[in-house]
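The values are calculated or read from the model by the stated rules, or taken from the named source; none is laboratory data. For clarity, every value in this text was computed on a predicted model and none was experimentally measured. Backbone-built Cβ (ideal geometry, glycine too); neighbour counts: all protein chains shown.
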Amino acid sequence: MLITHDTECALSILVELLNTAPEVCGTELLPDVAALDAFVGRQEISEVDSLTGDDLRRVHELRSRLREVFGTESTEEAAELVNALVAAAGTTPRLTNHDHHGWHIHYFAPHAALGDHLAAELGMALAFILTAGERERLRRCEAPDCARVFVDLSRNRSRRYCDSRTCGNRLHVAAYRARQRSADPVASA
Ligand SMILES: [Zn+2]
Ligand SMILES: [Zn+2]
């Protein structure tokens, strides 16, 4: 799959953002401006001015809209959602090499509010996944008690569970059993 390192970074921010939602964790992990500010710092999101309650509200709203893309049944449906998000954000692609990063493109408008900034960057990352024909890599964890999302970047698109401690372990156990089965012809017979 042809996706750039920048897209991969944006997708990682996207997944982290979606998995802060109360419907995922039982509690809101971005309850206030301070938590949002810490999230921005942790994810090393650049060019963010000081945040307000309005930013928080808009990021919550964006988060639910982005999550919808992970539940789509077709690329048409996903493309419509992504187009709406990116159009509302008002993107202005420009080249930059800030903070010793190599040259890359910022899609958000200079000094955009955080909601628009994220809608442009994360929306474009989703657009690249869709144009690569890889919508099915946008997954919801299949564990019955888990609502987390993830992007399956495995070679054979075989990931079924998110990498949270519980679900990741489940995955390891399943992989271990599969290895045992293939190593032991009697058990797999
Ligand atoms: Zn950058
Ligand atoms: Zn999970």
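For beta carbons closer than 7 Å, sequence separation of 6+ or different chains, a first residue in segment 140-167 that is more than 8 Å from ligand 2 (Cβ to nearest atom) and a second that is small (Gly, Ala, Ser), the qualifying pairs are Arg140/Gly71. Among helices (runs of 4 or more DSSP H) entirely within segment 105-189, having at least 2 residues that are hydrophobic (A, V, I, L, M, F, W, C) and at pLDDT below 90 singles out 165-183, 185-188.
I need a count of the residues in segment 126-150 that are of a type in the set (A, V, I, L, M) and in contact with a Phe, Trp or Tyr (Cβ under 9 Å, 6 or more places away or on another chain).
Here the count works out to 3.
Would you check if Ser12 is exposed (fewer than 13 other Cβ atoms within 10 Å of the Cβ) and under 14 Å from the mean Cα position of the chain (by Cα)? Considered against the rule, which asks whether it is exposed (fewer than 13 other Cβ atoms within 10 Å of the Cβ) and under 14 Å from the mean Cα position of the chain (by Cα), Ser12 comes out as no. The selection criterion, being of a type in the set (Gly, Ala, Ser) and surrounded by fewer than 17 Cβ atoms within 10 Å (Cβ to Cβ), holds for Gly41.
The set of residues in segment 42-79 that are within 16 Å of ligand 1 (Cβ to nearest atom), farther than 15 Å from Ala112 by Cβ and either polar (S, T, N, Q) or at pLDDT below 95 (or both) comprises Gln43, Glu44. In this entry, Ala84 is excluded by the filter for residues that are within 16 Å of ligand 2 (Cβ to nearest atom), aliphatic (A, V, I, L, M) and either surrounded by 14 or more Cβ atoms within 10 Å (Cβ to Cβ) or in a helix (DSSP H, G or I) (or both).
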